[in-house]
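Since the structure comes first, as structure tokens, the remarks are kept for the end.
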Amino acid sequence: MNPSESSYARRIAEVLVKHPREAVERVRGRVEIKLSRARDHATHYDPTGPDWEMRLHEWVNADWPCPFTPQFDYLWAETSVAKGHDADLGFARAVWCTTLHTRPDNAVETGVARGITTKVILSAMQELDHGHLHSIDLPPIFRGWEGKPAELVDDHLKGRWTYLRGSSRRRLPPLLAGLRSIDVFIHDSLHTRSTMLFEMKRAWTRLREGGVLLVDDIDGNNALQVFVDAVQPQSKVAIVSKEVRNGTFGIVVKQR
């Protein structure tokens, strides 16, 4: 066993003592990642172009240029974003505008880590004085990421937040079953083909017309393309190049 595997095994053993079910979920996720690396292939997506923000605002019937950009710039400047799992600037801005302009009753995200997008969504909801966010995540257990989930989210924002600890495979179906509909869904959890398709398909069944899916890190496989092909012509799609990191993310708007 190499040092990396040995370190992971020790950490899983620690989790097993306190959270047996969670330890099983983590091992299953680890296996899924390894299988994905063996079976799935990186997929090239042609970016929509620099006008993607204008298109997004048009699709959700919002003014352009966006009047809320100054507030986002201030929020981003005060937020520490320097680690590998943190959201990219462009993705965070897409989440900000989507939340403000769709005025969601219910938003759902998978993947929290330090809570960049969580903070962005909850800050937008505070601006609106409306909405609730449900977040699903298995907190990272690797060195440097062992802190409490969403450590960057200020306490005064958490009144509109429900955190569900666990995998999306276990937590997402009952959450969606309990919600009449959702307005925004953000995927930023396990970026394997099977998990991405699982989450997008499940979320789509509860997403209202005019609602938005935001899907991060789409380059590792063809999940987004397969999903979009299945929901056409009921969707409008933008592919966006990240601004700070390599890679792309997807925006899918459910047409009225």
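Starting from the stretch 21-33, take each residue that is within 18 Å of R10 (Cβ to Cβ) and list its partners that are in a helix (DSSP H, G or I) and open to solvent by 60 Å² or more (accessible area, probe 1.4 Å), counting only C-beta distances under 8 angstrom and pairs at least six apart or across chains.
Filtered contacts from the stretch 21-33: A23/L16; E25/R169; E25/R170.
Condition first: in a loop (DSSP other than H, G, I, E, B) and within 17 Å of L133 (Cα to Cα). Can you find one or more residues in the stretch 186-197 that meet it? Can you show your working first?
Looking only at the stretch 186-197, we keep the residues that are in a loop (DSSP other than H, G, I, E, B), and these are 188-192.
Then keep just the ones that are within 17 Å of L133 (Cα to Cα); that gives 188-189.
Yes, there is a match, as at least one residue in the stretch 186-197 is in a loop (DSSP other than H, G, I, E, B) and within 17 Å of L133 (Cα to Cα).
What residue, of H156, H134, H130, is over 26 Å from K34 (Cβ atoms) and in a strand (DSSP E or B)?
Values: H156 fails: in a strand (DSSP E or B); H130 fails: in a strand (DSSP E or B).
After ruling out the rest, the residue left standing is H134.
Can you pull out the residues in the stretch 37-71 that are in contact with a helix residue (DSSP H, G or I) (Cβ under 6 Å, 6 or more places away or on another chain) and touching a residue at least 12 places away in the same chain (Cβ under 8 Å)?
D40, V60, A62, C66, F68
Would you please list the contacts, defined by Cβ atoms under 7 Å and residues six or more apart or on different chains, that run from a residue in the stretch 72-86 that is surrounded by 10 or more Cβ atoms within 10 Å (Cβ to Cβ) to a residue that is among the β-branched types (V, I, T) and at pLDDT 65 or above?
Between residues of the stretch 72-86 that are surrounded by 10 or more Cβ atoms within 10 Å (Cβ to Cβ) and residues that are among the β-branched types (V, I, T) and at pLDDT 65 or above, the close pairs are L75/V120; T79/I116; V81/I116; D86/I116.
Check H191, H187, H134, H130 and return the single one that is of a type outside the set (S, T, N, Q) and over 28 Å from R21 (Cα atoms). It would help to see each step written out before you state the result.
Numbers: H191 fails: over 28 Å from R21 (Cα atoms); H187 fails: over 28 Å from R21 (Cα atoms); H134 fails: over 28 Å from R21 (Cα atoms).
Result: H130 is the single residue among H191, H187, H134, H130 that is of a type outside the set (S, T, N, Q) and over 28 Å from R21 (Cα atoms).
Starting from the stretch 153-165, take each residue that is more than 27 Å from K18 (Cβ to Cβ) and list its partners that are assigned to a strand (DSSP E or B) and open to solvent by 40 Å² or more (accessible area, probe 1.4 Å), counting only C-beta distances under 8 angstrom and pairs at least six apart or across chains.
R160/H132
Would a scan of the stretch 206-214 turn up a residue that is crowded, with 21+ Cβ neighbours inside 10 Å, outside any loop (DSSP other than H, G, I, E, B) and of a type in the set (V, I, T)?
To start, the set of residues in the stretch 206-214 that are crowded, with 21+ Cβ neighbours inside 10 Å comprises 207, 211-214.
Checking which are outside any loop (DSSP other than H, G, I, E, B) leaves us with 207, 211-214.
Subset that is of a type in the set (V, I, T): 212.
Within the stretch 206-214, one or more residues are crowded, with 21+ Cβ neighbours inside 10 Å, outside any loop (DSSP other than H, G, I, E, B) and of a type in the set (V, I, T).
For the subset of the stretch 6-58 comprising residues that are of a type in the set (D, E) and at pLDDT below 85, which member is farthest from G247 (Cα to Cα)?
It comes out as E14.
Name the one entry in R256, R245, R180 that is assigned to a loop (DSSP other than H, G, I, E, B), modelled with pLDDT under 95, over 14 Å from the mean Cα position of the chain (by Cα) and under 18 Å from L56 (Cβ atoms). Step through it out loud before you land on a result.
Details: R245 fails: under 18 Å from L56 (Cβ atoms); R180 fails: under 18 Å from L56 (Cβ atoms).
Residue meeting the stated conditions: R256.
In the stretch 154-205, which residue that is charged (D, E, K, R) and closer than 19 Å to M125 by Cα is surrounded by the fewest Cβ atoms within 10 Å (Cβ to Cβ)?
First, the residues of the stretch 154-205 that are charged (D, E, K, R): 154-155, 158, 160, 165, 169-171, 180, 183, 188, 193, 199, 201-202.
Right, trim to closer than 19 Å to M125 by Cα and you get 154-155, 158, 160, 183.
Numbers: D154: 12, D155: 6, K158: 14, R160: 16, D183: 21.
Looking at residues that are charged (D, E, K, R) and closer than 19 Å to M125 by Cα, I get D155.
Of the residues R245, R256, which single one is among the basic types (K, R) and either open to solvent by less than 60 Å² (accessible area, probe 1.4 Å) or within 19 Å of F91 (Cβ to Cβ) (or both)? Quick ask: steps written out before the conclusion?
Values: R256 fails: either open to solvent by less than 60 Å² (accessible area, probe 1.4 Å) or within 19 Å of F91 (Cβ to Cβ) (or both).
Going through R245, R256 in turn, just one is among the basic types (K, R) and either open to solvent by less than 60 Å² (accessible area, probe 1.4 Å) or within 19 Å of F91 (Cβ to Cβ) (or both): R245.
Going by the conditions given, is P65 farther than 22 Å from L213 by Cα, open to solvent by 40 Å² or more (accessible area, probe 1.4 Å) and modelled with pLDDT of 95 or more?
No; evaluated as a whole, the condition is false for this residue.
The values are calculated or read from the model by the stated rules, or taken from the named source; none is laboratory data. All figures in this text were calculated on a predicted structure; none of them were measured in a lab. Note: ideal-geometry Cβ built from the backbone for every residue, glycine included; neighbour counts use all protein chains shown. Calculation scope for accessible area: heavy atoms of the full protein, side chains included, ligands and nucleic acids excluded. Shrake-Rupley method; radii C 1.70, N 1.55, O 1.52, S 1.80 Å.
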